[in-house]
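The values are calculated or read from the model by the stated rules, or taken from the named source; none is laboratory data. What you are looking at is a predicted structure, and each value in this text was computed from that prediction instead of being measured. Here the Cβ positions follow ideal geometry from the backbone for every residue, glycine too, while neighbour counts run over all protein chains shown.
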């Protein structure tokens, strides 16, 4: 007995979440066996390895890829499932077993946040097509593309992610908040130019959120109106003082911060952001490059197991 999508490929970084993923693997294997799901485990050992594993598996005919870990693992697996803005295999399915320092992506779909319950969702044939965002930017002299299923940012959020990545892994899920408080005092707003589906805007702002889904940063519902299958990106431009970034925190966790007098809300299929001076950008908690950056939505190239 196995899944209707065939044996699954469990792609896991055993060191993720201070080793939590590796520690949970035996239990995950036991649950998969009890559920009668055929599987193989592919362990990652370097950044970008999950992307390589996912792409190779699809090219070898495997169709059920399960990211075991946090948002970073999901991010890498999704990047392996897409090529030139198209699915490597149109009949592929993405499953997620949250088993690291945190996985905000699954929250938008009401999926379990713990490994035990998530494994039970891997059985059956229920899937949901979801959109994926695409970020295009320049690193050095090279044009770079990165896909993101959840949320991207340019500005304070990008700087926080870069700072948090340099903090000790022992902080776990607290790294983001520590990075936030370390980054905020020295961060400076900039002149931000946004082009959304051909309409041009300009503000002085400290952060721009480009959301496909709703949650980031360990449970913050930053974009409560986002629908991950509507073919649009929700754009939030923070134009007020950077102190807004922490005074609105309690409401952001509840998703009640919108509408807000200092947050401009836009929706678009294509968004270009340019800033003076350049802002750091991030996607799914992964530090990327700097503005200018173009974000686009790719309608429903991924089927998510729900």
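Would you please name the residue that is surrounded by the most Cβ atoms within 10 Å (Cβ to Cβ), looking only at residues in the stretch 54-82 that are touching a helix residue (DSSP H, G or I) at 6+ places or on another chain (Cβ under 7 Å) and over 15 Å from residue 16 (Cα atoms)?
65
Go through 133, 100 for me and flag whichever is surrounded by 14 or more Cβ atoms within 10 Å (Cβ to Cβ), closer than 30 Å to residue 3 by Cα, under 16 Å from the mean Cα position of the chain (by Cα) and at pLDDT below 90. Lay out the reasoning, then the answer.
Values: 133 fails: at pLDDT below 90.
Criteria check complete, one pass: 100.
State the number of residues belonging to the stretch 13-27 that are in contact with a strand residue (DSSP E or B) (Cβ under 7 Å, 6 or more places away or on another chain) and either surrounded by fewer than 16 Cβ atoms within 10 Å (Cβ to Cβ) or at pLDDT 95 or above (or both).
Of the residues in the stretch 13-27, 0 are in contact with a strand residue (DSSP E or B) (Cβ under 7 Å, 6 or more places away or on another chain) and either surrounded by fewer than 16 Cβ atoms within 10 Å (Cβ to Cβ) or at pLDDT 95 or above (or both).
I'd like to check something: does the stretch 141-157 contain any residue that is on the phi > 0 side of the Ramachandran plot, part of a strand (DSSP E or B) and either touching a residue at least 12 places away in the same chain (Cβ under 8 Å) or surrounded by fewer than 22 Cβ atoms within 10 Å (Cβ to Cβ) (or both)? Walk me through how you get there before you give the answer.
Keep residues of the stretch 141-157 that are on the phi > 0 side of the Ramachandran plot, which gives 155.
Cutting the leftovers down to part of a strand (DSSP E or B) gives us 155.
After this cut, where a residue has to be either touching a residue at least 12 places away in the same chain (Cβ under 8 Å) or surrounded by fewer than 22 Cβ atoms within 10 Å (Cβ to Cβ) (or both) as well, the list is 155.
Checked the stretch 141-157: at least one residue is on the phi > 0 side of the Ramachandran plot, part of a strand (DSSP E or B) and either touching a residue at least 12 places away in the same chain (Cβ under 8 Å) or surrounded by fewer than 22 Cβ atoms within 10 Å (Cβ to Cβ) (or both).
Quick one: is residue 3 touching a residue at least 24 places away in the same chain (Cβ under 8 Å) and either surrounded by fewer than 20 Cβ atoms within 10 Å (Cβ to Cβ) or assigned to a loop (DSSP other than H, G, I, E, B) (or both)?
Numbers: touching a residue at least 24 places away in the same chain (Cβ under 8 Å): yes; either surrounded by fewer than 20 Cβ atoms within 10 Å (Cβ to Cβ) or assigned to a loop (DSSP other than H, G, I, E, B) (or both): yes.
Yes.
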